[in-house]
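Below is a structure I'd like to ask you about.
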Amino acid sequence: MKDKAASATPPDSHKGASFTPHQRERLKECLHALKTRQIYLRDPGTRLFPMNLSTAFFVNLVRDPVLGLPQVLAYRAVDEGGRVVDAACWAIVREDELPAVRQSFSNRFLTAWKKSIADGKGPHLFHFGEGTWQGLREWAEEAGSPNRLSFLWEPGRCHHTDLRRLIRERFDLPIPGRLTLFALDHVLGLTSSTEKENMADLFPRMPESLFHPDPEPYIPREEWEEDEKRRSELIRYHEALLALQEKVWKWAHPHLESDWEQTEWGEEPAEGRSPGAHYLHFLEEEKRLREENILALQEYSLAERVDRFRAIGPLTFLRTSLDEEGRFLYHFQMEPENELSKFREGDFLKLAVVGTQDIQGGFPVILADYNPAAGKLSVLARQGRLPLNRQLAYSLEEDLTDWNHPKLTHAVRAIFSTESSAEGRHSVLKLLAGEGHPEFIPVPLTPVRSPKGFKGEQPWEKSGNSPFSEVTSPFNSPLEGELRGVFLKDMRLFQGTCPPPNPKGQGRFLQSPLEQEREKFLWVRNWMQSFEPVSGLNAAQRAALELPFRKRVSLIEGPPGTGKTHLLAWILIALILQAQETGEPLRIAVSALTHQAIDGMLEKVVNLVNRHRIKGFRGRIMKWGRYKEGEAGGNAQDGSSGWPGIRIEPLNNAEDISGSPYLILGSTGFGLYNLLDGRNGTFPQVFDWIVFDEASQVLLPHALLSLLYGKGNFLFLGDVKQLPPIVLGRYEAASPDVHRSILGLLLDRYGPEHRVRLDRTYRMNAELCAFPSRMWYESTLQSDPRNAASRLELTSFPASSSRDGNESLHRGLINRILDPEKPIALVLTDHQGNYQKSDPEVEIMVQLAHRLMTHHGLGPNRLALISPHRAQNNAMANRLSQLLQESDDALPVIDTVERLQGAERDVILFSTTTSDPDHVMSEFLNNPNRFNVAITRARHKLIVVGSRSFFLTVPQNEEALAANACFKQFLQHCKDKKSLFAWNRD
């Protein structure tokens, strides 16, 4: 065997257009192995099996090819020393034997499995090819629930390895055609000639060549049921196959090194796990998937990593300088056309020398400044000074180390630990259970009379139905059992808006744990009356502003353009003013997934206070973490007319919190963890309010890093109909809630009295608003009257009467598409086989953008081009740059949907890009939330460009049909509005 790095491969003499560079490289390596008749080890590192393996289980299952019923099931367990510790084989003669065989296999397999778990090591299952694994799963699931083997297939458990995949990915072998067991046996010499002679009667039909598949002996059903000798022969045949799998494993194992450690082998099904275990399992699986994704990509060339926007390079080192804090900045020049990537300022990355095999051995750095337009970037060293050389080329790469994972697992363990649950004190657990604030002791619930002074009817008095007749927990997912055991034993949850009676029935009413004091609600009502002309809030926004003064848990849904940031700023101002009036200190932590969202919120508060000169406002606005002072308008103090103004101040240390009685502090959850020294094991409840913006994008473990520091008042804002949290795995079956956002979870746990959905958009005109309102918001979202009839204003645009026969067909089509009187347009074109880049759609998008900018006076700041794929965006940017060379116009924003959430432009051009039959129905592209974000960025004009293949293909299953429905309805909507256009390729 030869090491790949030490072997020479033939030069790249020609490049086929049908292969990617990575595929060409792999093909060259395979051909080289065939030509030299050598075996090459591509890379010893792997994560396909665990390093802490105690016992290898080899399994094989064969089905009747006619009836599909299992015929033979066998497994073989071999310990670290190569000793067979258990082996069994079942022949299933009749269909009615299946339940008994399933039970017998489960009992014996699980017994051997459990015995293999000891001293931090455990078992692992191997099979050859996906057929056995899929067949075993289907056979086990046919029994229904309970399925004792279900843990083997749960996402993240990773208890199995396909030997064929392992050999194919780590080795280049002189084997033509498909990799088979018999081809491996022949090339590797696993079976001696004596053994083959002894087994001759077991293999009546050897493969004709290395191109042919492994033999699959077939015995007709009647013969199978009646001929015991034939059954015995087939059993021996499959036992021999297992022995051959074992030999393949023993040959490969010494050449490979696993860097993945398995942490659990238990057969406990998902439904039996505690909530903490669900989330810890989820975090471990996401970490593993992230690492595998990075490692797999780093086997590709730098050019391919750059093409996928997962690296920047080659980079030329220019110079060093000092930043404002005296740290060394290292400045680099980027190559032309290689400046775009998914990296953003503040990312932890690796700086590697181009050509190195150990990318993760590069220098750990932070991306400090990133200016793709100028082709410049700079980094900060995370450890000491960097010994850089101007003669070397460098690249910026993803860092395999997940620096946030330990913080997330710490938070999950802290909140879901036995001690925390048993004490039953933490407000976050009560938030999740819908129980409310820990100060208040629940009492038995019965219908009660209205409190003294209450005017009007209780909610049930109109209907005659008491809400207390059947009270159930709103916590209805994996956490329910544990929390019910901790909190709900011998009591029932409060629901509804009426507080419970005094248990002694003497007319004194206790405060509901989910209610704020009545005085706060009365105060905000009076305050809103005086500030209503200033705030300009609509009815839904006013109801949302009242919500935190009525409820300790408030949920505000903000559809596109509904003024969520403006509203939240007023809420924060009102909370501070109310606390000042009572003389009680109030400290608020404002958190979100990104610094950009936090900064925008703090800047809005400062702007409103300074613009309206809200005298008496003594709150300090502070930011912990990245913030460039003075970037936002209204941040500077205004000294005119004796008004000092306020500004965003940097928070230097945790002591500043206690020294600020009225404080709005912006920070990510990770920032709060570092600020308050979460590593020491404690989470002090410092903040009276925890406010979460963009809560629909935040997973529960990430939210905990902020929520754990709260005293029991929580406000969440977001829109679950827009982009959800980014999750790599699939968890719906085993752990149905772990992939959901904190806002989505709480909307299920709290009734309508805890939430308000904003219903007026100040962004979209009426025509643009109509489709998303009907599609995602139950037709409740309406345009504000002031912008409902707005239209795109263009210079030199021909009037409709002049758009007749005096213009070319192409020009006339563009004019009809751009017509301001048609705020929404869908342009269909023909192309096939495109996945992440479509040249026809690039040309259409760029032609429309160029016409708007150069003929009709649309500035680049009024336009955005969007597509789901960075490759498409890169192609559009390059092409539009070419067309704009003779003008002074800068490029408009050209980016992915994810980067544009929260932004808006007068005109949005959206390219769906894909026409490849294998991808037009992909889950990534057929994402209603992503489409919602894309089409609701426009103020006046939306143009969607796509292939007929994408818009007309019919999904083949129910789940895909549901996901794709928004695109089919959008097509019909554009037809109805006579705004559907065909762009024919000439």
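Suppose we keep only residues that are part of a loop (DSSP other than H, G, I, E, B) and charged (D, E, K, R) within the range 896-950. Which one would you say is surrounded by the most Cβ atoms within 10 Å (Cβ to Cβ)?
ARG937
Looking at ARG290, ARG305, ARG221, ARG230, which is the one that is over 27 Å from ARG168 (Cβ atoms) and touching a residue at least 24 places away in the same chain (Cβ under 8 Å)?
ARG221
Could you give me the residue pairs with C-beta distances under 9 Å whose first residue belongs to the range 959-980 and is free of Cβ contacts under 8 Å to residues at least 60 places away in the same chain and closer than 22 Å to MET921 by Cα, whose second residue is exposed (fewer than 15 other Cβ atoms within 10 Å of the Cβ) and β-branched (Val, Ile, Thr) wherever it lies, and which are 6+ apart or on separate chains?
Partner pairs satisfying both residue conditions: LEU961/VAL954; ASN964/VAL954; LYS968/VAL954.
Just to be sure I understand, how many residues within the range 726-739 are crowded, with 20+ Cβ neighbours inside 10 Å and over 14 Å from HIS281 (Cα atoms)?
Adding up the residues that qualify gives 0.
Looking only at helices (runs of 4 or more DSSP H) that fall completely inside the range 475-577, which ones have 2 or more residues that are modelled with pLDDT of 90 or more and of a type in the set (D, E, K, R)?
Helices (runs of 4 or more DSSP H) meeting the threshold: 518-535, 539-550.
With modelled with pLDDT of 90 or more, surrounded by fewer than 20 Cβ atoms within 10 Å (Cβ to Cβ) and under 30 Å from the mean Cα position of the chain (by Cα) as the only criterion, which of ALA368, ALA373 stands out?
Only one candidate qualifies: ALA368.
Within the range 75-176, which strands (runs of 3 or more DSSP E) (wholly inside it) include 1 or more residues that are over 22 Å from LEU48 (Cα atoms)?
84-91
Which pairs have Cβ atoms under 6 Å, sit 6 or more apart or on different chains, and link a residue in the range 597-620 that is farther than 17 Å from ARG587 by Cα to one that is among the charged types (D, E, K, R) and not in a strand (DSSP E or B)?
ALA597/ASP693; ALA597/GLU694; ASN610/ASP638
Still on this structure, I have one more. So which pairs qualify, if the first residue must be in the range 54-67 and touching a residue at least 40 places away in the same chain (Cβ under 8 Å), the second must be of a type in the set (Gly, Ala, Ser) and in a strand (DSSP E or B), the Cβ gap must be under 6 Å, and the two must be at least 6 apart or on different chains?
SER54/GLY122; THR55/ALA77; PHE57/ALA77; ASN60/ALA74
Oh, and also: Across the range 281-300, what is the total count of residues that are of a type in the set (S, T, N, Q) and surrounded by fewer than 16 Cβ atoms within 10 Å (Cβ to Cβ)?
Total meeting the criteria: 1.
Can you say whether LEU961 is assigned to a helix (DSSP H, G or I) and in contact with a strand residue (DSSP E or B) (Cβ under 9 Å, 6 or more places away or on another chain), as far as the supplied structure shows?
When the stated conditions are applied, LEU961 does not pass them.
What number of residues within the range 647-666 are in contact with a Lys or Arg (Cβ under 7 Å, 6 or more places away or on another chain), of a type in the set (Ser, Thr, Tyr) and farther than 18 Å from LEU608 by Cβ?
1
Would you check if there is a residue in the range 951-961 being surrounded by 16 or more Cβ atoms within 10 Å (Cβ to Cβ) and under 25 Å from GLY857 (Cα atoms)?
no
Out of the strands (runs of 3 or more DSSP E) lying entirely within the range 279-358, which hold 2 or more residues that are within 21 Å of ARG626 (Cα to Cα), aromatic (Phe, Trp, Tyr) and not assigned by TED's automatic domain parsing to the domain that holds LEU700?
The strands (runs of 3 or more DSSP E) meeting that bar are 328-334.
Taking the range 831-862 as the search range and keeping residues that are outside any helix (DSSP H, G or I) and in contact with a helix residue (DSSP H, G or I) (Cβ under 6 Å, 6 or more places away or on another chain), which one is modelled with the lowest pLDDT?
Across the range 831-862, the extreme among qualifying residues is GLN836.
Quick check: anything in the range 921-934 in the same structural domain as MET853 (by TED's automatic domain parsing), closer than 16 Å to LEU848 by Cβ and modelled with pLDDT of 90 or more?
Yes, there is a match, as at least one residue in the range 921-934 is in the same structural domain as MET853 (by TED's automatic domain parsing), closer than 16 Å to LEU848 by Cβ and modelled with pLDDT of 90 or more.
Now a separate question. Let me spell it out: the conditions are (1) modelled with pLDDT of 85 or more; (2) surrounded by fewer than 18 Cβ atoms within 10 Å (Cβ to Cβ); (3) among the acidic types (Asp, Glu), and ASP172 meets all of them except one. Which number is the exception?
Evaluating ASP172 over (1) modelled with pLDDT of 85 or more; (2) surrounded by fewer than 18 Cβ atoms within 10 Å (Cβ to Cβ); (3) among the acidic types (Asp, Glu) leaves (2) as the failure.
Among the residues of the range 725-766, which ones are farther than 22 Å from GLY276 by Cα and in a loop (DSSP other than H, G, I, E, B)?
GLY751, LEU758, ASP759, TYR762, ARG763, MET764, ASN765
The values are calculated or read from the model by the stated rules, or taken from the named source; none is laboratory data. Since this is a predicted model, take the numbers as computed values, not measurements. Cβ: placed from backbone, ideal geometry, glycine included. Neighbour counts: every protein chain shown.
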